[in-house]
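The values are calculated or read from the model by the stated rules, or taken from the named source; none is laboratory data. All figures in this text were calculated on a predicted structure; none of them were measured in a lab. Note that each Cβ is placed from the backbone with ideal geometry, even for glycine, and that neighbours are counted across all protein chains shown. Calculation scope for accessible area: heavy atoms of the full protein, side chains included, ligands and nucleic acids excluded. Shrake-Rupley method; radii C 1.70, N 1.55, O 1.52, S 1.80 Å.
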Amino acid sequence: MPVLNQNLGIPPTEETARSYQDMPRPRRGERPAAYADHIGEWYAARRSNRQRKDHGLFLTPVPAADFMAKRITAEARKVRVLDPAAGTGILCCAAVEALASRQTKPDSIELVAYEIDGDLIAPLRAVLDHLSDWCRGHHRVTVDIHIEAADFIMANAEALRPYGLFPSQSEVESFDVIIANPPYFKIGKDDPRAVAVSQVVHGQPNIYALFMTVGAALLRQSADFVFITPRSFASGPYFRRFRTVFFDMIRPTGIHLFGSRRDAFRRDAVLQENVIVSGVRQNGWHENGAATPLAISSSLGVDDIDESEAREVSAGAVLDFDSVDKVLRLPVCDDDEEALALVDSWPGNLRDLGLSISTGPVVPFRATELVAREGKVPVSHVPLLWMNHVLAMRATWPLDRHKPEYIARAGAEALLVPNRNYVLIRRFSAKEEPRRLTAAPYIATDFAIPEIGLENHLNYIHRPGDTLSEDEAWGLAALYNSRLLDTWFRAVNGNTQVSATELRAMPLPPRETIVALGGRTKRLADPMAGLDTLVADIVGSLPLKEAAVG
């Protein structure tokens, strides 16, 4: 089994080389993907959490790997398979097993597996040797294996150049299948990998998007693309350029969502919203392929992944390629689709209502001389509100916790905002909160102060040069906390973050509807208890658009 480009990878450490003698051997009758998982747990136990995080080493659960392998449609006498981030080989083993186990199987399979971590090369070689023996012995399929000990992005970045053109490699050099669980971590815009694929990079990119784009470029036409990644690529300005390039190459055929952020990789303590994306290479498909079907499925986690049922929508209904943002919208049920249609029917947004949204200007570590744990309000200090001061429909201060809750007035003039009516919105959702959006009305008359400090993890909605009415503040906060807008936001937003950019673009009903909602909401003894019923009564009767959701 050849091992290529070893000089491009990270060489094994002496400690790991000494421990190879303890590496587990395949159990009798053990299938290759299970052995790869066994080896992966053995290897991970010898690495600290920091080492695993730095390398993005998160083992794909075997049930998820099998689910992904079933998405492969390639049929040929010889099939070329690429795994650009092989790790211990769980995914590529599942893919090759699935191909070799078919009733109509290929005569041979060529597997190219990239792995940059030199410490993983020997374990990966042991796994793939077992895979080759298993396929030959059980299914009479020859597997030709190449391990590339190299940085996948740097080795293949040329496939994306020049920008706007598709790679010119021959069909012989292209792959029939790419399957991957790429590493997930941010890299700087000056990182050599980001520079090498600058046409898909904006801001501080996450490396998994680079794997997706370069991997897609290495596929031949009609070849299979199957990745498990965070969902964050589906929306947001940082991935806009990526979506333009990627979805010009890959026509999505299936998306699987995990309902719990914890369950997809729970043994690795990964807190991500993960999705499995499957598709085919089809350049320019969107020009006349909006009606092509796309299957959306979901499960709580991995244990129930085989029980998930897919619902079919048209590709154009979830990906509007004519839009600037090209957001991938993922309604997993009829309720989601109805929420999308209703909210999309609303005529305006914050700008149309004469409102703006900004991020809290106080960054505490840059203002250490100004923030304090105690102060005299309003003589020398004013309240400093953090994210944990904002609960659904309620802003509470002080909390008397470990964070400084006061900010000095003198010297902080540029960081403070006038004491007016606002809507405060958390920029991040806490772990496993039932709703993504958490907003509270901030009513100026509740605080006898001239200014207020808002920490950087809060967004605040305001009327430039004026103030929101109390009913506007209450009505907007009620909408943002409602099940309706939370459902819409989850279907549209692929992040655990709540960005001001996305809130600016979110549709909103007319001002009189918001005011009416606010007037009734503020009279409720417990606003959250009756909020969804109230929202349905006031905004649920608005007419839907005639056009399809998109």
Say we look at region 302-329 and pick out the residues that are in contact with a strand residue (DSSP E or B) (Cβ under 6 Å, 6 or more places away or on another chain) and part of a loop (DSSP other than H, G, I, E, B); which of these is surrounded by the most Cβ atoms within 10 Å (Cβ to Cβ)? Ser308
Some residue of region 330-340 being under 27 Å from the mean Cα position of the chain (by Cα), β-branched (Val, Ile, Thr) and over 23 Å from Thr501 (Cα atoms): yes
Kindly list the number of the only condition in (1) touching a residue at least 24 places away in the same chain (Cβ under 8 Å); (2) closer than 15 Å to Arg71 by Cα; (3) of a type in the set (D, E, K, R) that fails for Glu309. (1)
Top-ranked residue in region 64-86 [being open to solvent by 10 Å² or more (accessible area, probe 1.4 Å), out of contact with any strand residue (DSSP E or B) (no Cβ under 8 Å at 6 or more places or on another chain) and at pLDDT 95 or above; ranked as nearest to Ala217 (Cα to Cα)]: Lys70
Give region 89-138 a look and list any residue that's in contact with a Phe, Trp or Tyr (Cβ under 6 Å, 6 or more places away or on another chain) and hydroxyl-bearing (Ser, Thr, Tyr), or say none. Tyr114
Per the filter on region 237-259, residues surrounded by 21 or more Cβ atoms within 10 Å (Cβ to Cβ) and not hydrophobic (A, V, I, L, M, F, W, C) are Arg243, Arg251, Pro252, His256
Any residue that is hydrophobic (A, V, I, L, M, F, W, C), crowded, with 20+ Cβ neighbours inside 10 Å and part of a loop (DSSP other than H, G, I, E, B) - is there at least one of those in region 119-142? yes
State yes or no: is Ala100 closer than 22 Å to Pro183 by Cβ, open to solvent by less than 20 Å² (accessible area, probe 1.4 Å) and either under 24 Å from the mean Cα position of the chain (by Cα) or of a type in the set (Gly, Ala, Ser) (or both)? no
